[in-house]
Amino acid sequence: LRAMGFSQEQARRLQALQPRLGPEHREGAAAQLLLLGLSTEAALALLERSPALLRLPTERLRERAEELRRLGLDGGRLLRAVSRCPQL
(Lines give C-alpha, C1' and ligand atoms only; values in the text may rest on other atoms or scores of the structure.)
Protein backbone atom coordinates (compact mmCIF):
# COMPACT_ATOMS: atom_id res chain seq x y z
CA LEU A 1 0.00 0.00 0.00
CA ARG A 2 2.87 2.35 0.80
CA ALA A 3 4.33 1.68 -2.68
CA MET A 4 0.99 2.81 -4.18
CA GLY A 5 1.31 6.18 -2.47
CA PHE A 6 -0.75 5.64 0.67
CA SER A 7 0.65 7.23 3.81
CA GLN A 8 1.30 5.06 6.83
CA GLU A 9 -1.91 6.30 8.47
CA GLN A 10 -3.95 5.69 5.31
CA ALA A 11 -2.49 2.18 4.97
CA ARG A 12 -3.41 1.46 8.59
CA ARG A 13 -6.99 2.65 8.01
CA LEU A 14 -7.25 0.57 4.85
CA GLN A 15 -5.92 -2.53 6.59
CA ALA A 16 -8.56 -2.09 9.31
CA LEU A 17 -11.34 -2.45 6.72
CA GLN A 18 -12.68 -6.00 6.37
CA PRO A 19 -9.88 -7.47 8.53
CA ARG A 20 -10.74 -11.07 7.60
CA LEU A 21 -9.94 -10.47 3.94
CA GLY A 22 -6.43 -11.02 2.69
CA PRO A 23 -4.21 -8.11 1.71
CA GLU A 24 -4.61 -8.91 -2.00
CA HIS A 25 -8.26 -7.78 -1.84
CA ARG A 26 -7.31 -4.41 -0.35
CA GLU A 27 -4.44 -3.90 -2.75
CA GLY A 28 -6.52 -4.91 -5.77
CA ALA A 29 -9.40 -2.60 -4.88
CA ALA A 30 -7.07 0.29 -4.08
CA ALA A 31 -5.14 -0.21 -7.32
CA GLN A 32 -8.31 -0.10 -9.44
CA LEU A 33 -9.49 3.09 -7.75
CA LEU A 34 -6.10 4.74 -8.20
CA LEU A 35 -6.08 3.73 -11.87
CA LEU A 36 -9.39 5.57 -12.25
CA GLY A 37 -7.58 8.74 -11.23
CA LEU A 38 -8.72 9.00 -7.62
CA SER A 39 -6.25 10.28 -5.06
CA THR A 40 -5.20 7.97 -2.25
CA GLU A 41 -7.41 9.90 0.19
CA ALA A 42 -10.42 9.75 -2.16
CA ALA A 43 -9.89 6.01 -2.77
CA LEU A 44 -9.64 5.35 0.95
CA ALA A 45 -12.75 7.43 1.68
CA LEU A 46 -14.69 5.49 -0.96
CA LEU A 47 -13.58 2.14 0.48
CA GLU A 48 -14.50 3.29 3.97
CA ARG A 49 -17.98 4.30 2.76
CA SER A 50 -18.43 1.15 0.67
CA PRO A 51 -16.34 -1.64 2.22
CA ALA A 52 -18.27 -4.20 0.16
CA LEU A 53 -15.98 -3.22 -2.73
CA LEU A 54 -13.21 -5.07 -0.95
CA ARG A 55 -15.14 -8.33 -1.15
CA LEU A 56 -15.52 -8.17 -4.93
CA PRO A 57 -13.08 -10.27 -6.94
CA THR A 58 -10.29 -8.16 -8.45
CA GLU A 59 -11.35 -9.16 -11.96
CA ARG A 60 -14.89 -7.86 -11.32
CA LEU A 61 -13.49 -4.57 -10.02
CA ARG A 62 -11.31 -4.29 -13.10
CA GLU A 63 -14.34 -4.84 -15.35
CA ARG A 64 -16.31 -2.18 -13.49
CA ALA A 65 -13.40 0.26 -13.67
CA GLU A 66 -13.07 -0.31 -17.42
CA GLU A 67 -16.79 0.35 -17.86
CA LEU A 68 -16.57 3.60 -15.86
CA ARG A 69 -13.61 4.74 -17.97
CA ARG A 70 -15.53 3.84 -21.13
CA LEU A 71 -18.37 6.03 -19.91
CA GLY A 72 -15.91 8.89 -19.34
CA LEU A 73 -16.03 8.76 -15.54
CA ASP A 74 -12.61 9.11 -14.01
CA GLY A 75 -10.82 11.34 -11.53
CA GLY A 76 -12.90 14.33 -10.45
CA ARG A 77 -15.99 13.33 -12.42
CA LEU A 78 -16.00 9.91 -10.82
CA LEU A 79 -15.50 11.37 -7.36
CA ARG A 80 -18.49 13.68 -7.82
CA ALA A 81 -20.65 10.86 -9.18
CA VAL A 82 -19.70 8.49 -6.37
CA SER A 83 -20.33 11.12 -3.71
CA ARG A 84 -23.89 11.40 -5.04
CA CYS A 85 -24.39 7.68 -5.67
CA PRO A 86 -22.00 5.43 -3.67
CA GLN A 87 -23.44 2.29 -5.30
CA LEU A 88 -21.84 3.40 -8.57
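Projecting the Cα positions of Gln8, Gly72, Val82 onto the charge dipole of the chain (unit charges on Cβ atoms of Lys, Arg, Asp and Glu, taken about the Cα centre) puts Val82 furthest along the positive direction. Annotation: peptides 30-42, 9-21, ranked by per-residue average of other Cβ atoms within 10 Å with the highest first, follow the order 30-42, 9-21. Between Glu59 and Arg20, the modelled label-to-label distance comes to 2.4 nm, taking each label 7 Å out from Cα in the direction of the beta carbon. Between the beta carbons of Ser7 and Glu48, assuming R0 = 22 Å, the FRET efficiency works out to 0.90 to the nearest 0.05. Got a number for carbon plus sulfur as a percent of the chain's accessible area, 1.4 Å probe? Whole-percent figure for carbon plus sulfur exposure: 53. Here the dipole of region 2-84 is about 200 debye; that uses its Cα centre as origin and unit charges on the Cβ of Lys and Arg (positive) and Asp and Glu (negative). Relative to the compact-globule estimate of 2.2 N^0.38 Å, the Cα radius of gyration of the chain comes out at 0.99.
The values are calculated or read from the model by the stated rules, or taken from the named source; none is laboratory data. Note that the structure is predicted; figures quoted are calculated from it, not measured. Reconstructed Cβ throughout: ideal geometry from the backbone, glycine too, with neighbour counts over all protein chains shown. The area values use the complete protein model at the heavy-atom level, side chains included, leaving out ligands, DNA and RNA. Shrake-Rupley method; radii C 1.70, N 1.55, O 1.52, S 1.80 Å.
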